[in-house]
Amino acid sequence: MRVLFIFNRSSIFAAWSFLDVAVVILCSIVSRASIHEEVAGLASAGFTVAVHPLGGCYWFCAAVILSAVVSHVAVTHHAALARTRVNLQNLEKEVATKLSHTREWKVSETACEGRPVVRFLVYSGLTICAALTVVGSVSPWAAAEYTLPVFNDDTKLGVRDKWVVLIEDFAGRGHGHGHGHDATTKASVEAMVTLLEAGGALPDVPVLLPKSWSPVQAAWELANLPAGDGIELRSNDGEGFPNGYYPVGQWFLSVVFMTATVAAPMARIVVHWLAWTSTWFGLKDHDTLVSFGVVCGRACGVEVTLLALIVLCARMGEASESLSEKFGGCVDLDDDERQCFTATLRVEHGAWIALGGTLASAVMTWVLGRLHESARATVAAGA
């Protein structure tokens with residue numbers, strides 16, 4: 001029994017291998033912002049940030065799935081060997097054969113005979129689990145806010161001066177001056193912006209609107225990430241595809257993410273409901289359905305994804321600023337102040353609803369497991 005306990009608990013940790021994949025998926029979705037402004041056809045200001053999953057992420061995700069499958073097969077095999085050692089396997093086969101033509105039975109009736117309150121609580125618990133899981137799947141889990149350099153509320157400059165600083169910075173980079181300020185360039189930019197302002201052609205301050213994602217929206221956006229976003233890929237990992245764009249790989253990650261956060265939790269609840277309410281003839285079919293429910297439970301990755309989300313919420317601002325420093329997403333306001341593009345992430349209410357659904361499903365799994373065992377024992381004893 002100790003061996004069974006160890007093997008059953010070890011399978012729980014297989015899903016936590018999904019943590020790194022969840023972080024990459026969430027980064028790919030959150031760290032995407034693009035804005036482009038034409039200044040009266042004389043100048044343009046563009047800003048784009050994009051993070052793409054590359055080949056290493058796809059291979060790692062495939063390795064995680066393979067590891068989970070091997071783990072499940074190994075746990076199932078070892079459990080079968082352990083049952084054989086205590087002579088349980090032959091007993092179960094004998095009972096299953098004996099019950100193959102017995103009277104019909106239901107877990108909801110057999111396990112709760114004379115206990116209507118227990119039956120009502122189980123139905124209520126399953127309904128609550130289903131409601132929390134469905135609502136959590138379509139409600140936002142995360143929301144991102146973006147801060148542009150110069151064009152933000154912390155910059156105490158007028159619209160005209162903000163455009164002067166930004167166009168001057170871009171012009172300086174184009175002439176190889178880096179982030180420095182050239183006197184001639186500055187004078188030319190100020191004169192141009194002054195003329196545009198006088199003619200009413202100066203654009204308003206651009207704004208990047210906040211974004212939010214539910215698991216379903218995140219999976220769809222991940223599957224349809226555009227190629228390149230106008231950015232030259234700084235990696236040799238995009239062999240054979242423009243700018244590291246792997247449509248098949250992106251759909252693969254999307255399906256894995258959708259399965260872990262939406263499909264598997266819902267499938268587990270459906271299995272619980274069917275195992276509880278269906279009519280059975282013998283034990284074999286009931287065993288098969290319950291075993292499938294165990295597989296669905298091991299494939300659930302809601303809690304892993306939420307942990308990855310919390311980690312990103314704590315580190316996204318600092319990480320995005322560091323990336324901006326490295327890849328030219330910063331602008332010098334003067335010799336003493338530099339502003340960089342930053343993305344901040346926060347957890348939304350949908351994440352807590354999904355967590356509540358996961359915890360409720362875990363409790364119901366334990367409760368139903370005890371009731372299934374009781375019902376099976378009753379049916380076997382009456383065979």
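For this structure, a couple of remarks:
- Which listed residue, of 307, 333, is over 17 Å from residue 212 (Cβ atoms), outside the structural domain of residue 128 (by TED's automatic domain parsing) and not hydroxyl-bearing (Ser, Thr, Tyr): 333
- As a summary of the residue check, residue 324 satisfies the conditions (1) more than 30 Å from residue 66 (Cβ to Cβ); (2) in contact with a His (Cβ under 7 Å, 6 or more places away or on another chain) except for the one numbered (2).
- The lone exception for residue 67 - which of (1) modelled with pLDDT under 75; (2) in a helix (DSSP H, G or I); (3) within 30 Å of residue 319 (Cβ to Cβ) it fails: (1)
One line per residue, one yes/no per condition, for (1) buried (at least 17 other Cβ atoms within 10 Å of the Cβ); (2) more than 21 Å from residue 52 (Cα to Cα); (3) out of contact with any helix residue (DSSP H, G or I) (no Cβ under 8 Å at 6 or more places or on another chain):
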residue: 246; (1), (2), (3): yes, no, no
residue: 260; (1), (2), (3): yes, no, no
residue: 264; (1), (2), (3): yes, yes, no
residue: 269; (1), (2), (3): yes, yes, no
residue: 277; (1), (2), (3): no, yes, no
residue: 280; (1), (2), (3): yes, yes, no
residue: 290; (1), (2), (3): yes, yes, no
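- Reported count of residues in the range 141-161, each being part of a loop (DSSP other than H, G, I, E, B) and either buried (at least 18 other Cβ atoms within 10 Å of the Cβ) or among the hydroxyl-bearing types (Ser, Thr, Tyr) (or both), is 6.
- Breaking point among (1) in contact (Cβ under 8 Å) with a residue 60 or more places away in the chain; (2) assigned to a helix (DSSP H, G or I); (3) of a type outside the set (A, V, I, L, M, F, W, C), for residue 344: (2)
- Being part of a helix (DSSP H, G or I), farther than 28 Å from residue 49 by Cα and not hydroxyl-bearing (Ser, Thr, Tyr) is true of residue 367.
The rows are residues; the columns are (1) at pLDDT below 65; (2) surrounded by 18 or more Cβ atoms within 10 Å (Cβ to Cβ); (3) in the same structural domain as residue 222 (by TED's automatic domain parsing).
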position	(1), (2), (3)
20	no, no, yes
25	no, yes, yes
38	no, no, yes
43	yes, no, yes
61	no, yes, yes
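- Test set (1) among the hydroxyl-bearing types (Ser, Thr, Tyr); (2) in contact with a helix residue (DSSP H, G or I) (Cβ under 7 Å, 6 or more places away or on another chain); (3) farther than 30 Å from residue 146 by Cβ - residue 374 fails condition number: (2)
- Among (1) under 20 Å from residue 33 (Cβ atoms); (2) surrounded by 15 or more Cβ atoms within 10 Å (Cβ to Cβ); (3) among the acidic types (Asp, Glu) - the single one residue 318 does not satisfy: (2)
- For the range 324-340, the criterion of being basic (Lys, Arg), in contact with an Asp or Glu (Cβ under 7 Å, 6 or more places away or on another chain) and touching a residue at least 24 places away in the same chain (Cβ under 8 Å) is met by at least one residue.
- In the range 168-182, the residues that are modelled with pLDDT of 70 or more and in contact with a helix residue (DSSP H, G or I) (Cβ under 9 Å, 6 or more places away or on another chain): 168
- Leading residue by the ranking (surrounded by the fewest Cβ atoms within 10 Å (Cβ to Cβ)) among those in the range 292-315 that are of a type in the set (Val, Ile, Thr) and under 12 Å from the mean Cα position of the chain (by Cα): 310
- Some residue of the range 81-95 being at pLDDT 65 or above and either assigned by TED's automatic domain parsing to the domain that holds residue 256 or not aromatic (Phe, Trp, Tyr) (or both): yes
- Listed by first and then second residue, the pairs linking a residue in the range 271-284 that is without any contact (Cβ under 8 Å) to a residue 24 or more places away in the chain to a residue that is surrounded by fewer than 21 Cβ atoms within 10 Å (Cβ to Cβ), with Cβ atoms under 7 Å apart and 6 or more places separating them unless they lie on different chains, are 274/289.
The values are calculated or read from the model by the stated rules, or taken from the named source; none is laboratory data. Model, not experiment: these values are computed from the prediction. A quick note on method: Cβ atoms are made from the backbone with ideal geometry, for glycine too, and the neighbour counts reach across all protein chains shown.
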